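Written out below as structure tokens is the structure these notes cover.
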Amino acid sequence: VLQFPQGLVALAISVAILPTLSIQANALPDFKNSLGQGLRLSLVLIIPATVGLFILARPTVGLIFEGGEFNRVDTLNTALALQLYLFGLPFAAIDLLLVFAFYARQDTITPAIVGAISLVAYMIVAQMLLPHMSFFALMVADSVKHIIHTGISAYLLWRGIGAFGQQRLGSTTLRTSLAAAGMGVVVFAVASVLRGLLPDGAMGYFGVVVGAGAAGLITFSLFATLIGLEEWRWIRGLLVQRLRG
């Protein structure tokens, strides 16, 4: 469940952009612009996906797993584990692009060293929290690991190439977060209403996930359009182009 949005967004964009970054590795202005555009697209897609999945964690887990020996308590525990993992998802998505940027510049050593540092941080946090949080400490430690890995990678790459070009990454993050926050309110409200109307079990979970998820997608699209989120306009244009063949 956690890997689905990461693979759908971060891995897809990273694999698509890697050949371009490799070609532009010695042309820094073009390299920085291509990387910046990839980061902006990832942010616009992964932030609302994270918010929506966080709010719909319980019905999503219940829909996929609940049944037989996997009971309601298991659903609650697994949903909480998923939510704790999700704190690191946006960072993991961005980090994958940063790692591919190092690879495009023929640098495989830096990501390996940063990975070792973040792994040590993971083990320290897990050991510190394990007596207090049981196995949930592993999810928190994993999110901390991604945050540290992304922070160090971004700093080293920023020093290596001299910023990321005029890509307005801060503005894109802020606007996307605002649109995702508005979407989150609507998703939570719709999910709460549907939970009261639909029966328990798989059909109820399905109705909540589909109904609240659709409401969230429409809401995010409206908010993103209202605040002038350019990257969302790109994405909509690509989708329309694909649908038209």
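The values are calculated or read from the model by the stated rules, or taken from the named source; none is laboratory data. All values derive from a computational prediction rather than experimental measurement. Cβ coordinates were reconstructed from backbone atoms using ideal geometry, including for glycine residues, and neighbour counts include every protein chain displayed. To get the accessible areas, we keep the full protein, side chains included, count just its heavy atoms, and leave off ligands, DNA and RNA. Shrake-Rupley method; radii C 1.70, N 1.55, O 1.52, S 1.80 Å.
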Let me cross-check LEU198: its accessible surface, 1.4 Å probe, with only protein heavy atoms counted, in Å² to the nearest 10? 60
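Once R0 is set to 22 Å, what does the formula 1/(1 + (r/R0)^6) return for the Cβ-Cβ distance between ALA202 and ASN77, expressed as a FRET efficiency to the nearest 0.05? Could you put the intermediate results ahead of the total?
On the way: r = 19 Å, r/R0 = 0.85.
For ALA202 and ASN77, the calculated efficiency is 0.75.
Let me check against my output: what whole-number percent is the relative contact order of the chain, with C-alpha pairs under 8 Å and at least 6 apart?
On the way: 280 pairs, mean separation 63.7, N = 245.
Taking the mean separation of contacting Cα pairs over the length of the chain, I get 26 percent.
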What's the Kirkwood radius of the chain in Å, using all Cα pairs? 19.4
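Let me check against my output: what whole-number percent is the relative contact order of the stretch 57-196, with C-alpha pairs under 8 Å and at least 6 apart?
Working: 95 pairs, mean separation 33.9, N = 140.
So the answer I get is 24 percent.
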Each residue of the stretch 26-43 in turn: what ³J(HN,Hα) in whole Hz from Karplus with 6.51, -1.76, 1.60 and θ = phi - 60°, glycine and Pro shown as x? 9, 10, 4, x, 5, 4, 5, 5, 5, 5, x, 5, x, 5, 5, 4, 4, 4
Tilt, helix 169-197 to longest principal axis of the chain (alpha-carbon atoms), in degrees rounded to tens, equals 10
Hey, with R₀ at 30 Å, roughly what FRET efficiency would LEU217 and ASP30 work out to, going by the Cβ-Cβ distance, to 0.05? 0.35
How far is helix 72-86 tilted off the main Cα axis of the chain, in degrees rounded to 10, range 0 to 90? 20
Could you compute the FRET efficiency for MET123 and SER177, with r as their C-beta to C-beta distance and R0 at 30 Å, rounded to 0.05? 0.45
Reduced to Cα centres, the span from the stretch 218-245 to the stretch 101-176 in Å works out to 29
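List the relative contact order of the stretch 182-245 as a percent without decimals, with contacts defined as Cα pairs under 8 Å and 6+ residues apart. Don't skip to the end; give the middle numbers.
Values: 37 pairs, mean separation 23.1, N = 64.
Reported relative contact order: 36 percent.
Assigning unit charges at the beta carbon (Lys, Arg +1; Asp, Glu -1) and nothing else, what dipole magnitude in debye, to the nearest 20, does the chain show about its Cα centre? Walk me through the numbers on the way to the answer.
On the way: 14 positive and 10 negative charges, 131 e Å.
Magnitude of the dipole: close to 640 debye.
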Does anyone have the angle between helix 202-226 and the longest principal axis of the chain? Alpha-carbon axes, 0 to 90°, nearest 10? 40
